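Every read-out reported here was derived from the displayed coordinates using simple, explicitly stated rules and does not represent laboratory data. In this text the structure is predicted, and so the values were computed from the model without any measurement. With ideal geometry, Cβ positions are generated from the backbone for all residues, glycine too; neighbour counts draw on all protein chains shown.
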Amino acid sequence: MLVLEDVHTHYGKIEALHGVSVEVNKGEIVSLIGANGAGKTTLLMTVCGNPQATSGRVIFQGRDITRDMTSNIMRSGIAIVPEGRRVFSGLTVEENLHMGGFFNTKSEISKSQAHVYELFPRLKEREHQRAGTMSGGEQQMLAIGRALMSKPNMIILDEPSLGLAPLVIKQIFEIIGKLREEGITVFLVEQNAHQALNLADRGYVLETGRIRLHDTGKNLLANPDVQNAYLGG
Amino acid sequence: MAAHNLKHALFCAIVTLVISYPILGFNLESQGTSVILEGAKTSTVIGVLLAAVIVFLFQLFRDNVMGSLRQLPAVNPLANRKPMEQSRRLKLESALLTLMVIGALIWPFIASRGAVDLATLVLIYIMLALGLNVVVGLAGLLDLGYVAFYAVGAYTFALLSQYYGVSFWFALPIGALLAALFGLVLGFPVLRLRGDYLAIVTLGFGEIIRILLNNMTSLTGGPNGIGGIPDPTLFGMEFGRRVKEEGNTSFHETFGIAYSSEHKVIFLYLIALVLAVITAIAIRRLMRMPVGRAWEALREDEIAAKSLGLSRTAVKLSAFTIGAFFAGFAGTVFASKQGFISPESFVFLESAIILAIVVLGGMGSQMGVILAAIAVTILPELAREFSEYRMLIFGAAMVLMMVWRPQGLMPMRRIHIELKPQE
C-alpha cells in the first residue's frame, strides 16, 4: 500500500535520511521505532511531502506521490496524527472533527462523526467543549478521531503515546488494534518500543537515518540487540 | 527590604524628573522669525518637583498602599460577573442588532448634518474593520498595511471618474475587485511569512502604495490629490442643485421638493449603511461556511491544518483577498463622501486605527468590532476640546482596555449546546 524506495531527505544541506526503504502492506500494522533524532518524524513528513524527498520514490496505492503537494497527498487516502496531537485548541471537539472531514460531503461527515464517537465515547461527552481544555489523553483521542474523519485507507500515527499516562497509553493502543480490524492500514511511529512492537505485524528499526533492522514484531521483541537498545535490556 | 525600597523609590523619582522636566519645563516661543527656547515658569518647576516627591513617597510605601487598596472592592464591576447563558446572550444580541439597525435607519432624519456625516464615516470604518477582522481575527494574519486596499478602492473610483467619467455604481464593484486583486498579489509573497515578519512586509506594502500614489504625479496628481469626484446618483437622479451630466435629472426637481444639501448627505449615509450591512452579512455567512473554519484552523495550527489536506496557499490567499475586497468597498464610498482624496488619507495611522478597532472589539467577533468602530470613531470627535491630548486619551483608553478586558469588548463566542446538570 505504501512503499518507500531508497528515500533520501535533506534539511537544507544536511541529509537526514540516507536511503530508507520501507513497505507497508494493506491491512497491516507496521511499527517504526528508533531513538531521538533517528529520523522517524522526518520519514513520516517525507511521506506527506513536507519536506519532499530529494531522491528515491514514495508510492502510495500504486501512485508515485514523491513530488505531490502536501495538500493533495493528504486528500488521497492517507491521514496523519501529527506528533504532539496538534488539535485546534480554540475550536470545539465537534468543529475539530468537522475540520478532519473538510473535503467530504455533509452526510459523510455525520456518518464518520457517529463512527468516531462510537470508538471514543469520551469525545461524545465533550462534543461542545474547546479542545484545548481537555486532558492530553482526550486530545490524543481527538487527534486520532479527526484523522479518521476523512475515511482514510491508511493512518499514520506519530508518537501517539507521547506524554500520556500508562493507562491512557493502553487505551490508545487498544484503539489502534481496532483500526486494523476495520481494515485501516496503520503505520505507527513510536519510542515506546515494547508496546508498539507487541501490537505490530512487522517492525522497522531506524538508526541515524538508516533502517538497521526489519522483522516481524515478535521477532524484533525477542532480538537481543533491540532489547538492549530500546527495551531497557 | 527598606533599603531596597528606598533605592527603587529614589530611582523612580529621578526618572520622573528627567522625563517630565524637559517635556513640561521648556517652551518654544517664536519671536519674529526665530524660535527661542524659554525656561520653565516657577509654578511648573514646583509642579514637577511635587510630582517627583509623590512618586518617591508612593514607591517607598508601595507595599502598604497597594495592600490597603486591595482591601477595597474591585474597581471593575464586570470582573466577577458570571458569563451569560447562551440562549439569553443570543436573544440579547439579536435584539441589540435590530435596535442598532432601526436606530441607524432613523438616525439621518433626526440628527444634524454633521452627525450624519460622522455616522457615514463610522460606517466606513465598520466596513474596514469587518474586512480586517477576516484577515487578523479569523485567519490570524497580522496585516499592518490594510489601508493600502482602502486606498486602491478610493483611487480606483477617483481615477475612473476623472479619466473615463465612470459613475459611482460602476466604480463600486470595480474598486472592490481591484482591491481584491491587490490582496491576492500581496498574498503570494507573504505566504511563507508569519507573525512579526508578515507584519513588517504588509506594513511595507501599505507604504509602497501610498508612496506610489504620492509620486505618480502625472496619473494621480501626487500630493495634490484628485478632486471633483462625483456623488452617487439614485437611478440617474443627481443630488446637486443643478444637473451636471447630460441626461440626468435632479432629485429635488423630480420629487418636487425644495433643494436641500442635506439630501446628498443622507443618501450617502444610506448607501454606506446598506453596504456595511451587506459586508456584515456576507462575512457572517463566510464564517459559518467551511472556508471560515479553514481560516480558524490555519490560525490555530498550521501544521495540523496542512495534515488535513488544507492548502495553506488557498486558505491564506482567500483571507487576504476577501479582506481586501471589503476595504475596496469602503474606499469607494470614502472617495465619494469626501469628493477629494489625496495620499494623506491613507497613512499608516489609518491601518493602526483599523487594527485597534479589531483588537478592541475582540478578534473574530463581529458585534464587538462594530461597537469598537463606533467608539473609536466617535470618541476622538467628542474629545475634540482636548485637542492635543486627544491621542493621549485614546492611548490611555486602549491601555485600560487591555488591562481590564484583554479579550476585547465582546470576545468571539462559539455557538454551542449547553449541558444542564441532571436533576
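Legend: mean number of C-beta atoms from other chains within 10 angstrom of residue C-beta atoms, peptide B:308-316, equals 6. When A:K170, A:K106 are sorted by how many other C-beta atoms sit within 10 angstrom of their C-beta, beginning with the fewest, the order is A:K106, A:K170. Applying 1/(1 + (r/R0)^6) with R0 = 60 Å to the Cβ-Cβ distance of B:V18 and B:V101 gives a FRET efficiency near 0.70. Cβ crowding within 10 Å, taken as a proxy for footprinting-reagent exposure, orders A:I78, B:I174 from fewest neighbours to most as B:I174, A:I78.
Taking Lys and Arg as +1 and Asp and Glu as -1, the other residues whose beta-carbon sits under 12 Å from that of A:M69 total +3.
In this structure the amide hydrogen of A:Y204, modeled in the peptide plane, comes within under 5 Å of the amide hydrogens of A:S31, A:L32, A:I33, none closer than 5 places in sequence on its chain. Restricting attention to the protein assembly as shown, close to 60% of DSSP beta bridges with both partner residues there are antiparallel. Please list log₁₀ I(q)/I(0) at q = 0.11, 0.15 Å⁻¹ for the stretch B:89-404, using the Debye equation with identical point scatterers on the alpha-carbon positions. Ignoring solvent entirely, the Cα scatterers give -0.71, -1.27. Local charge for A:M134 was computed over the other residues whose Cβ lies under 14 Å away, with Lys and Arg +1 and Asp and Glu -1, and equals +2. With the simple model of a label 7 Å out from the Cα in the direction of the Cβ, A:I59 to A:E207 spans 2.9 nm. Under a Gaussian network description of chain B, with springs only between Cα atoms under 10 Å, the residue in B:F58, B:F149, B:F325 that fluctuates furthest is B:F58. If every alpha-carbon in chain A counts as one equal scatterer, what log10 I(q)/I(0) does Debye give at q = 0.08, 0.18 1/Å? One equal scatterer on each Cα of chain A leads to -0.28, -1.39. Modelled this way, with points 7 Å down the Cα-to-C-beta line, the labels at B:T42 and B:S218 are 6.7 nm from one another.
Give me the net charge of B:L193's neighbourhood, meaning all other residues with Cβ under 14 Å from the Cβ of B:L193; Lys, Arg count +1, Asp, Glu -1. Computed value for this residue: +1.
Within 10 Å of the Cβ of each residue in A:69-78, the mean number of Cβ atoms contributed by other protein chains is 4.
Comparing mean-square fluctuations of B:G361, B:G240, B:G131 from a GNM of chain B with C-alpha springs under 10 Å, the top value falls on B:G240. Partners of A:K170 within straight-line reach, counting aspartates and glutamates whose Cα lies under 20 Å from its Cα and excluding those fewer than 8 residues away in the same chain: A:E28, A:E83, A:E118, A:E138, A:D158, A:E159, A:E181, A:E182, A:E190, A:D201. In this structure, the residue pairs whose Cα-Cα separation is over 31 Å, taken from A:K13/B:K306; A:K26/A:K106; A:K106/B:K316; A:K218/B:K306, are A:K218/B:K306. The share of alpha-carbon pairs in the protein assembly as shown lying farther apart than 41 Å comes to 47%. Annotation: the residues B:M127, A:M149, A:M134, B:M66, sorted from fewest to most other C-beta atoms within 10 Å of their own C-beta, follow the order B:M66, A:M134, A:M149, B:M127.
Put simply, the amide H of B:S250, placed in the peptide plane, has neighbours under 5 Å in B:E238, leaving out anything fewer than 5 places away on its chain.
Under 14 Å from a point placed 7 Å out from the Cα of B:I174 along the Cα-to-Cβ direction: which residues of the stretch B:315-338 have their backbone N that close? Within reach of a label on B:I174: B:332.
Here A:K111 is the anchor, and the lysines within straight C-alpha reach of less than 21 Å, apart from those fewer than 8 places off in the same chain, are A:K124, A:K151, A:K178.
A Förster radius of 22 Å, combined with the Cβ-Cβ distance separating A:T133 from B:S94, puts the computed FRET efficiency at roughly 0.20.
Axis angle, to the nearest 10 degrees, between helix B:348-361 and the longest C-alpha principal axis of chain B: 80 degrees.
Converting phi to 3J(HN,Hα) with the Karplus coefficients 6.51, -1.76 and 1.60 and the offset θ = phi - 60°, the stretch B:276-290 yields 5, 5, 4, 4, 4, 5, 4, 5, 4, 5, 4, 4, 7, 7, x Hz in sequence order, with x at every glycine or proline.
Here the label points at B:L349 and B:R113, each 7 Å from Cα along the C-beta direction, are separated by 2.6 nm in the simple model. Note on the stretch B:2-71: the alpha carbon radius of gyration divided by the globular reference 2.2 N^0.38 Å gives 1.52. For the stretch B:175-327, the Cα-based Rg and Dmax, in that order, read 21.5, 66 Å. Note on chain B: GNM, Cα springs under 10 Å; of B:E207, B:E381, B:E344, the largest mean-square fluctuation is that of B:E381. Relative to the current alpha-carbon distance between B:F340 and B:E262, full extension at 0.36 nm per residue lengthens the span by 26.2 nm. Each residue of the stretch B:176-182 was assigned a 3J(HN,Hα) from its phi angle through the Karplus curve 6.51 cos²θ - 1.76 cosθ + 1.60 (θ = phi - 60°); the sequence is 5, 5, 5, 4, 4, 4, 4 Hz, with glycine and proline shown as x.
Per-residue 3J(HN,Hα) values for the stretch B:127-139, derived from phi via the Karplus relation 6.51 cos²θ - 1.76 cosθ + 1.60 with θ = phi - 60°, read 4, 4, 5, 5, x, 5, 4, 4, 6, 8, x, 8, 7 Hz in sequence order (x marks Gly and Pro).
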